[in-house]
Amino acid sequence: WVAGFLYSQLQVCPSQRIEPVILSEKDRSERFKEIFMQWVTQTRADAVILTTSDNGEEYDWAEELGLSVSQAFGIAVLSHRSYIPRIAGVSQRPQMVGATAMDVLASMVLYNITSDKSTYQEVSLDGEWIDAPSVRPAPSV
């Protein structure tokens with residue numbers, strides 16, 4: 001995703017580009033709140049897209065900055081977790097991924113297929129958008 005984002009930034013006027021925040025595991029665990037709040041304040045972004053959220057604390061941090069989450073500021077994640085209902089994002093549908101992996105494996109056993117590269121298969125599953133209070137409601141059509 002980072003390559004796609006950085007490439008898309010080339011299409012934007014340089015003065016309007018926003019640098020992504022990419023954190024090490026250490027910074028993510030020790031300094032994430034500080035870095036998040038500083039980045040939001042400096043960029044004056046109207047939304048943030050996170051790879052994931054451990055507990056939805058970014059919602060609280062945005063409110064600490066005085067931002068009206070879902071009205072003036074949106075938060076979404078690329079990997080939604082069902083136990084964080086107030087953050088919107090894309091569910092990777094882990095149950096479907098597991099079920100599909102089992103289907104592929106059962107099929108391989110049934111047809112006596114080994115891991116030989118000539119039998120390579122690629123399976124693609126769509127993610128599912130999960131709406132939540134962290135983003136504006138979609139306009140009615």
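The values are calculated or read from the model by the stated rules, or taken from the named source; none is laboratory data. Please read these numbers as outputs of a predicted model, since none were measured by experiment. Note that we place each Cβ from the backbone using ideal geometry, even for glycine, and neighbour counts take in every protein chain shown. Surface areas here come from the heavy atoms of the whole protein model, side chains and all, with no ligands, DNA or RNA. Shrake-Rupley method; radii C 1.70, N 1.55, O 1.52, S 1.80 Å.
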Restricted to region 8-21 and to residues being under 18 Å from the mean Cα position of the chain (by Cα) and exposed (fewer than 11 other Cβ atoms within 10 Å of the Cβ), the residue modelled with the lowest pLDDT is Glu19
Among residues of region 22-53 being of a type in the set (Val, Ile, Thr), in a loop (DSSP other than H, G, I, E, B) and open to solvent by 60 Å² or more (accessible area, probe 1.4 Å), the residue modelled with the lowest pLDDT is Ile22
By residue number, the members of region 128-141 that are surrounded by fewer than 10 Cβ atoms within 10 Å (Cβ to Cβ) and of a type outside the set (Val, Ile, Thr) are Pro137, Ala138, Pro139, Ser140
When every residue in region 42-83 that is touching a residue at least 40 places away in the same chain (Cβ under 8 Å), in contact with an Asp or Glu (Cβ under 8 Å, 6 or more places away or on another chain) and not small (Gly, Ala, Ser) is compared, the one farthest from Ser124 (Cα to Cα) is Val69
Note on region 69-127: residues among the aromatic types (Phe, Trp, Tyr) and either loosely packed, with under 14 Cβ neighbours inside 10 Å or more than 25 Å from the chain's Cα centre (by Cα) (or both) are Tyr83, Tyr111, Tyr120
